[in-house]
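**Student:** Here it is, the structure, as structure tokens.
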Protein chains: 2
Amino acid sequence: MANSITIIELAAALGLSKSTVSRAFRGNNDINAATKERILKKAEELGFSPNLYASNLRGSKSSTIAIIIPEFGNKFFSQAIKGIELIARNNDFHVLVYVTDHSADKEAAIIRTLVNGRVDGVIMSGSGEGKSHQYLKLLKKHNLPLVFFDRYYEDINTICVTGNDFESSYLATSHLIENGCKKIAYLAINKNVSIGKIRMDGYAKALSDGGIKFDEQLTLDTSNDAEINYRDIEQLIKEQSPDAIFASVERLAISTLRVTKTLGIHIPDQIKLICFSCLEIADMLSPALSVVKQPAYEMGKKATEYLFEIMRGNREADIQEVLFLESDLIFQESSQKKLTK
Amino acid sequence: MANSITIIELAAALGLSKSTVSRAFRGNNDINAATKERILKKAEELGFSPNLYASNLRGSKSSTIAIIIPEFGNKFFSQAIKGIELIARNNDFHVLVYVTDHSADKEAAIIRTLVNGRVDGVIMSGSGEGKSHQYLKLLKKHNLPLVFFDRYYEDINTICVTGNDFESSYLATSHLIENGCKKIAYLAINKNVSIGKIRMDGYAKALSDGGIKFDEQLTLDTSNDAEINYRDIEQLIKEQSPDAIFASVERLAISTLRVTKTLGIHIPDQIKLICFSCLEIADMLSPALSVVKQPAYEMGKKATEYLFEIMRGNREADIQEVLFLESDLIFQESSQKKLTK
DNA sequence: GTGAAAGCGCTAACAC
DNA sequence: GTGTTAGCGCTTTCAC
């Protein structure tokens with residue numbers, strides 16, 4: 001580590017006691033302004049700053065939170081982190097970032113490194129949905145508050161900030177139906193877990209309300225891997241000939257665009273497409289992509305604000321509470337009948 | 001912080017001394033295997049893990065590095081962070097993330113919070129190019145190694161991993177010339193600083209070699225703000241009528257696309273366009289966008305590997321050394337003459 | 001192989 | 001307003 005000088009050396013250089021020097025670095029005003037000035041000046045000169053670990057050991061606080069996310073792949077997570085970092089910085093907190101690559105095991109391993117005082121709270125988008133989450137008990141055991149955003153675990157009692165996905169999916173699917181689609185495929189990374197499931201529920205409800213029978217064959221449960229999902233989507237299109245595709249995550253829509261391009265299938269004439277995405281340039285794609293756009297930045301900010309409320313004792317932890325932020329539905333070329341007949 | 005139990009309580013619960021318990025958590029094998037087993041089991045049961053701040057205070061190490069970047073806006077930085085996080089995790093290090101919003105003052109403030117032992121090293125893409133960087137002396141004073149990626153400061157002696165921007169710019173500009181362009185505009189956020197400058201130098205050299213006179217009027221120095229750069233680009237196009245635009249950062253190319261769309265200017269027929277960008281779906285834009293694609297992920301990994309080498313004492317710090325990673329030039333529709341005449 | 005004890009650098013009573 | 005002192009929880013000699 002740094003070859004820093006200690007508070008004792010600084011005190012000696014000034015002919016003061018270390019407590020006086022210490023006071024110069026705390027907020028309290030139980031110190032002569034001139035002395036403080038003198039101390040800070042000398043500190044600057046000698047390159048002294050109070051050792052963080054000694055301070056934290058005394059004070060039992062870290063002023064640090066952790067973000068744990070499954071991946072860094074898309075705009076959604078980078079926007080969310082941006083929001084989290086902003087709120088943290090406004091509160092003079094530091095932000096540790098961890099990526100699990102969608103592995104619940106890695107998530108558990110990361111959690112274990114956090115409960116030794118490293119952080120005062122955790123913001124997470126879950127990677128191991130559908131699995132056991134015993135390891136999260138560890139956080140509770142250490143009184144560390146947890147706030148979920150986007151992807152949460154239903155068996156964990158805490159706050160979650162997410163999108164109004166059921167409604168958005170319902171509306172997106174209804175929109176496809178209104179545009180004449182009858183065989184609407186649903187693509188998910190994992191349709192048994194929170195976002196995959198809720199989004200499918202909205203889709204299913206819209207079908208039902210639109211008088212269309214839900215067909216398991218038209219739903220695809222694929223992987224995060226681009227090659228695999230490309231193959232899966234290609235197969236689905238060839239075998240089922242859907243007239244529309246609703247992708248629950250951006251990556252699957254991109255793969256769909258690539259597949260249709262290769263197969264020479266025209267969007268939206270032959271297949272209409274809509275997806276969840278935070279892409280800023282959806283309107284500049286060819287075709288312009290219809291999207292359900294989640295407020296990722298807002299979501300990150302809101303989740304972090306809640307975390308701070310809990311850490312300050314102004315809000316109950318341990319209560320299962322889901323806050324829904326509204327997504328924007330942006331209908332563009334990819335999902336609509338040609339306006340010019 | 002966490003209401004954890006201490007090593008003393010754990011020792012008491014086991015009828016052992018705290019030194020023995022401590023040993024169970026260190027790597028050394030100066031402890032009976034059975035005792036160790038018993039201790040770890042009890043620790044698990046009671047939810048004990050050694051207090052990080054006490055350990056670090058004794059050991060003078062943080063196992064943490066910091067990333068400081070100007071923004072989170074584009075794929076480049078999220079890819080780079082992904083690479084950094086990966087290497088850090090492989091080395092059992094933690095990663096703190098800081099965003100400066102392109103403010104050198106914020107950068108300085110962040111640096112000041114890092115020199116108290118919080119981190120063992122820093123990876124940074126500079127925000128305050130062209131300004132004074134005295135505050136970075138602080139890192140040196142505390143023996144904290146620094147590695148730059150992408151945007152570096154020429155007055156600071158340390159390693160930097162960046163793209164071969166001069167060559168890429170030269171080639172991109174030459175490509176425009178080969179496609180018949182004579183009035184090629186250059187767009188930058190700040191043309192007086194490392195990336196803005198080097199990329200412009202490559203552009204200027206290509207013009208010169210192509211027998212085209214460099215025209216200051218055709219270079220634009222605009223802002224990070226989308227609205228402002230939209231206006232600036234619109235003005236440039238209207239006043240100068242360039243037949244090609246070379247954007248040194250992705251955002252300016254996106255704005256250019258929006259401006260030309262609004263003005264009804266066809267790309268590539270009326271204006272050809274190429275830019276630096278890490279967009280994965282550049283080929284799906286309309287028109288498919290020609291790009292200089294930097295190896296962002298690789299850059300993050302490489303920079304972090306260097307940082308670890310320095311931290312381990314296997315590499316000299318304090319040496320101005322720039323490692324260039326090769327970018328891909330991907331020429332697509334936006335920059336080329338129609339192949340079908 | 002285990003225990004006793006010193007001390008990492010700092011903060012916060014408590015005295016003066 | 002400043003100094004003295006105890007101790008945060010842990011690691012690591014040094015004995016035994």
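The values are calculated or read from the model by the stated rules, or taken from the named source; none is laboratory data. It should be emphasised that the depicted structure is a prediction, and the values quoted were computed from it without experimental measurement. Heads up, the Cβs are rebuilt from the backbone with ideal geometry, glycines too, and the neighbour counts pull from every protein chain shown.
**Student:** So, of the residues in the range B:128-156 that are within 14 Å of another protein chain (Cβ to nearest Cβ) and among the polar types (S, T, N, Q), which turns out to be surrounded by the fewest Cβ atoms within 10 Å (Cβ to Cβ)?
**Tutor:** Of everything passing the filter in the range B:128-156, B:Gln134 is surrounded by the fewest Cβ atoms within 10 Å (Cβ to Cβ).
**Student:** For A:Phe214, all conditions in the list (1) in a helix (DSSP H, G or I); (2) among the hydrophobic types (A, V, I, L, M, F, W, C); (3) surrounded by fewer than 17 Cβ atoms within 10 Å (Cβ to Cβ) hold save one; what is the number of the exception?
**Tutor:** Of (1) in a helix (DSSP H, G or I); (2) among the hydrophobic types (A, V, I, L, M, F, W, C); (3) surrounded by fewer than 17 Cβ atoms within 10 Å (Cβ to Cβ), only one is false for A:Phe214: (1).
**Student:** Checking A:Met284 against (1) modelled with pLDDT of 95 or more; (2) farther than 17 Å from A:Met124 by Cα; (3) among the aliphatic types (A, V, I, L, M), which test does it fail?
**Tutor:** With (1) modelled with pLDDT of 95 or more; (2) farther than 17 Å from A:Met124 by Cα; (3) among the aliphatic types (A, V, I, L, M) applied to A:Met284, the lone miss is (1).
**Student:** Hey, another quick one. Do the conditions hold for A:Ala43, that is, is it more than 8 Å from DNA strand C (Cβ to nearest atom) and either hydrophobic (A, V, I, L, M, F, W, C) or within 14 Å of chain B (Cβ to nearest Cβ) (or both)?
**Tutor:** Working: more than 8 Å from DNA strand C (Cβ to nearest atom): yes; either hydrophobic (A, V, I, L, M, F, W, C) or within 14 Å of chain B (Cβ to nearest Cβ) (or both): yes.
Yes, satisfied.
**Student:** Take the residues in the range A:6-24 that are more than 9 Å from DNA strand D (Cβ to nearest atom) and surrounded by fewer than 18 Cβ atoms within 10 Å (Cβ to Cβ); name whichever of them is nearest to the other protein chains (Cβ to nearest Cβ).
**Tutor:** A:Thr6
**Student:** Do any residues in the range B:52-68 that are closer than 30 Å to B:Arg151 by Cα and touching a residue at least 12 places away in the same chain (Cβ under 8 Å) have Cβ atoms under 9 Å from those of residues that are within 16 Å of DNA strand C (Cβ to nearest atom) and of a type in the set (D, E, K, R), where the two are at least six apart or on different chains, and which pairs are they?
**Tutor:** From the range B:52-68, the pairs are B:Lys61/B:Asp120; B:Ser62/B:Arg118; B:Ser62/B:Asp120; B:Ser63/B:Asp120; B:Thr64/B:Arg118; B:Thr64/B:Asp120; B:Ile65/B:Asp120; B:Ala66/B:Arg118.
**Student:** If a residue has to be of a type outside the set (Ser, Thr, Tyr), away from chain A (no Cβ under 14 Å) and crowded, with 24+ Cβ neighbours inside 10 Å to count, how many in the range B:284-298 make the cut?
**Tutor:** The total comes to 2.
**Student:** Next question, about the same structure. Condition (residue is closer than 28 Å to B:Asn56 by Cβ, among the charged types (D, E, K, R) and away from DNA strand D (no atom under 16 Å from the Cβ)) applied to the range A:65-86: is it met by at least one residue?
**Tutor:** Pass one, the range A:65-86, residues closer than 28 Å to B:Asn56 by Cβ: A:65-69, A:72, A:81, A:84-86.
Still in the running and among the charged types (D, E, K, R): A:85.
Those left that are additionally away from DNA strand D (no atom under 16 Å from the Cβ): A:85.
Yes.
**Student:** Looking for whichever is surrounded by fewer than 20 Cβ atoms within 10 Å (Cβ to Cβ), acidic (Asp, Glu) and out of contact with any Phe, Trp or Tyr (no Cβ under 7 Å at 6 or more places or on another chain) here; the options are B:Asp165, B:Asp221, B:Asp201. Which one fits?
**Tutor:** The unique qualifying residue is B:Asp221.
**Student:** Can you pull out the residues in the range A:29-49 that are more than 12 Å from DNA strand D (Cβ to nearest atom) and touching a residue at least 12 places away in the same chain (Cβ under 8 Å)? Reasoning before the result, please.
**Tutor:** Going through the range A:29-49, the residues more than 12 Å from DNA strand D (Cβ to nearest atom) turn out to be A:40-49.
Within the range A:29-49, A:Leu40, A:Lys42, A:Ala43, A:Leu46, A:Gly47, A:Phe48, A:Ser49 meet the criteria.
**Student:** Name the pairs: first residue in the range B:10-26 and under 13 Å from B:Ala43 (Cα atoms) and without any contact (Cβ under 8 Å) to a residue 12 or more places away in the chain, second residue near DNA strand C (Cβ under 7 Å from one of its atoms) and of a type in the set (D, E, K, R), Cβ to Cβ under 7 Å, at least 6 apart or on different chains?
**Tutor:** B:Ala11/B:Lys18
**Student:** From the list A:Ile281, A:Ile254, pick out the single residue that is crowded, with 22+ Cβ neighbours inside 10 Å and without any contact (Cβ under 8 Å) to a residue 12 or more places away in the chain.
**Tutor:** From the options A:Ile281, A:Ile254, the qualifying one is A:Ile254.
**Student:** Is it the case that the range A:242-249 has a residue that's part of a helix (DSSP H, G or I) and out of contact with any His (no Cβ under 6 Å at 6 or more places or on another chain)?
**Tutor:** No - not one qualifying residue is present in the range A:242-249.
**Student:** Regarding A:Asp105, is this residue within 16 Å of DNA strand C (Cβ to nearest atom), at pLDDT 90 or above and charged (D, E, K, R)? Quick ask: steps written out before the conclusion?
**Tutor:** Values: within 16 Å of DNA strand C (Cβ to nearest atom): no; at pLDDT 90 or above: yes; charged (D, E, K, R): yes.
Criteria not met by A:Asp105.
**Student:** Report yes if some residue within the range B:26-40 is among the hydroxyl-bearing types (Ser, Thr, Tyr) and more than 14 Å from DNA strand C (Cβ to nearest atom); otherwise report no.
**Tutor:** No, that holds for no residue.
**Student:** Tell me, which residue of the range A:65-93 that is modelled with pLDDT under 95 and small (Gly, Ala, Ser) is surrounded by the most Cβ atoms within 10 Å (Cβ to Cβ)?
**Tutor:** Step by step, filter the range A:65-93, then rank; the result is A:Ser78.
**Student:** Right, A:Leu57: on the phi < 0 side of the Ramachandran plot and more than 9 Å from DNA strand D (Cβ to nearest atom) or not?
**Tutor:** On the way: on the phi < 0 side of the Ramachandran plot: yes; more than 9 Å from DNA strand D (Cβ to nearest atom): no.
So A:Leu57 does not fit the description; no.
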